[in-house]
Structures are given as C-alpha cells and as structure tokens.
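Presented below is the structure to which this report refers.
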Amino acid sequence: MQLDDFYTRNNNSFQFSRDQASRFAKEVANDFNPLHDADGKMFCVPGDLLFSLALNRLGLNQQMCFTFSGMVSDNAVSFPDSDEDRIDVTDETGKCYLTIERKGDKSHDAELIKRLATGYVAFSGKTFPHILVPLMSEQGMMINPARPLVIYQSMEISLDRLDLHNPTLESAGSSFEVQGKKGTVQLDFHLKEGEEVIGRGAKHMSLRGLQPYESIAMQRLVEEYDGYKQRYREQAAG
C-alpha cells in the first residue's frame, strides 16, 4: 500500500480527490460501498484511508480510539502536530471529522505501522457481504437495497506491546443491534504475532434505512455488488 498515492499534502493539510479516495476504497480496501464512488452524490473519503493516514502521521500507540463525526468529501483536513492524548482532525473552518484518543507507549516504526494498517484495511474490507449479510439475516432486518447506507462510526485498538514484526488480524465475532430503522454493527478482532494474541480491537458501523429482511432482494443486491466489483477489476486490468 503506497499511501502517498491517495492524497495531496500542503504542510499539515491533506486533501483527497474523488478519484484518489475511490481508488483506495476499491483497490486497497476492497470496499465497493456506493459512498466511495467518485461520481456519487453522497461521496465521502473512506474511513480506512483516514485511519491509515492518521497512523502514518501520528504514530501507533498501544491504545487508540478513532471516532468519526463527519464525512470528508472534497475538503482538505489537518492532522495537528501534537503530543496531546486527544487529536481532532478538522477542516479550515474548524469542523471536526475525526477524533483520535490515544495512550500508552508509542511507535513510529514505519514498517510496523504499514503492516498493521494494511492488515486492518484488508479485514475491514470484508464487511459486506461476508459479515453483514449473515448478521442481517439473523436479525430479520436489512439495509434498503435501493439506497444502502452503511456508515463507519468508530474503531478502537489495544495492544499489549509494540515490539511487533508481522501483526495480523483475525475475526473475534460480530453483533448487530437493531433500533427501529437504524442499527449498529460491531466487528471484534484479535491482533496476533504468529499464534500469540497480542491485542484486541473493534470496528463499529451504523446502518440506516433498515427494513424487513427479504432474501431475494438481498441476494440481488449481493449479485449487483459482486458484478460491479468484477467489472471494475476488468476495466482496471485494461
């Protein structure tokens, strides 16, 4: 993952073109969420791109929590050069899009950060349909196929130590809590060094516009999603 390919930097300000953000989602994160389509009306920069850039800029702490409070589109955001335990990623008007809370020992090991970020992004990209569809089926509720809204809320990570060489991520379960037409999904994971569990984490997502589960409609949505992914890859291959 060459992170420099997916943003433009001006001092501490970072901007993401629609093409850059969309390519990261599809080519790095394997994420074909319509929110990351370059020509989408509700376009936003993938949370996994902001997460990866945050680690690259700020370093990796033993305990970190990333909370998204807004969707970055075509505007530039700044990552403050600060040692504070709490960092707000904002635009030039002061609007906050991401809050990062951190504590514990810190590492700026570029290779460790790259491997952890790459592993997390790969894990995160398996959310739909692999994890979400079975969860929705179990709960009898699903996203609206005509307007699927799955929004990244937050993620947290806790590491026992930082003297790591090749950390990997492994699913540790998932849950789906429904509140009317909204729902919250939690994806738990373990971080491992070899066979040893050396950390834990969770990703939280918000689902909007829920409706009763219909297997045929969901199957059609999955087929459309897989078809779109295949066509994109064929076009990218030339």
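For region 119-132, taking the residues that are crowded, with 18+ Cβ neighbours inside 10 Å and of a type outside the set (A, V, I, L, M, F, W, C), the one that is farthest from Leu50 (Cα to Cα) is identified as Thr127. Among the strands (runs of 3 or more DSSP E) confined to region 45-120, the ones with at least 1 residues that are over 14 Å from the mean Cα position of the chain (by Cα) and over 17 Å from Met155 (Cα atoms) are located at 86-90, 96-107. Filtering Gly119, Gly140 for residues that are farther than 21 Å from Glu193 by Cα and among the small types (Gly, Ala, Ser) leaves a single hit, Gly140.
With Gln139, Gln230 as the choices, which residue is of a type outside the set (A, V, I, L, M, F, W, C) and in contact (Cβ under 8 Å) with a residue 60 or more places away in the chain? Talk me through it step by step, then tell me what you get.
Numbers: Gln230 fails: in contact (Cβ under 8 Å) with a residue 60 or more places away in the chain.
When all the criteria are applied, what remains is Gln139.
Restricting the first member to region 1-26 and to residues that are over 21 Å from Tyr228 (Cβ atoms) and in contact (Cβ under 8 Å) with a residue 40 or more places away in the chain, and the second to residues that are among the hydroxyl-bearing types (Ser, Thr, Tyr) and part of a loop (DSSP other than H, G, I, E, B), the beta-carbon pairs closer than 7 Å and six or more apart or on different chains are Phe14/Tyr7; Gln15/Tyr7; Phe16/Tyr7. Look at Tyr97 and say whether it is farther than 28 Å from Met218 by Cα, surrounded by 16 or more Cβ atoms within 10 Å (Cβ to Cβ) and aromatic (Phe, Trp, Tyr). Here the answer is yes, as Tyr97 does meet what is asked. The number of residues in region 3-30 being within 17 Å of the chain's Cα centre (by Cα), of a type outside the set (Lys, Arg) and closer than 19 Å to Ala54 by Cα comes to 11. Here Leu135 clears all of (1) surrounded by 18 or more Cβ atoms within 10 Å (Cβ to Cβ); (2) outside any strand (DSSP E or B); (3) out of contact with any Ser or Thr (no Cβ under 7 Å at 6 or more places or on another chain); (4) at pLDDT 95 or above except the condition numbered (3).
The values are calculated or read from the model by the stated rules, or taken from the named source; none is laboratory data. In this text, all values refer to a predicted model and were calculated from it rather than measured experimentally. Glycine also receives a Cβ, built like all others from the backbone with ideal geometry; neighbour counts cover every protein chain displayed.
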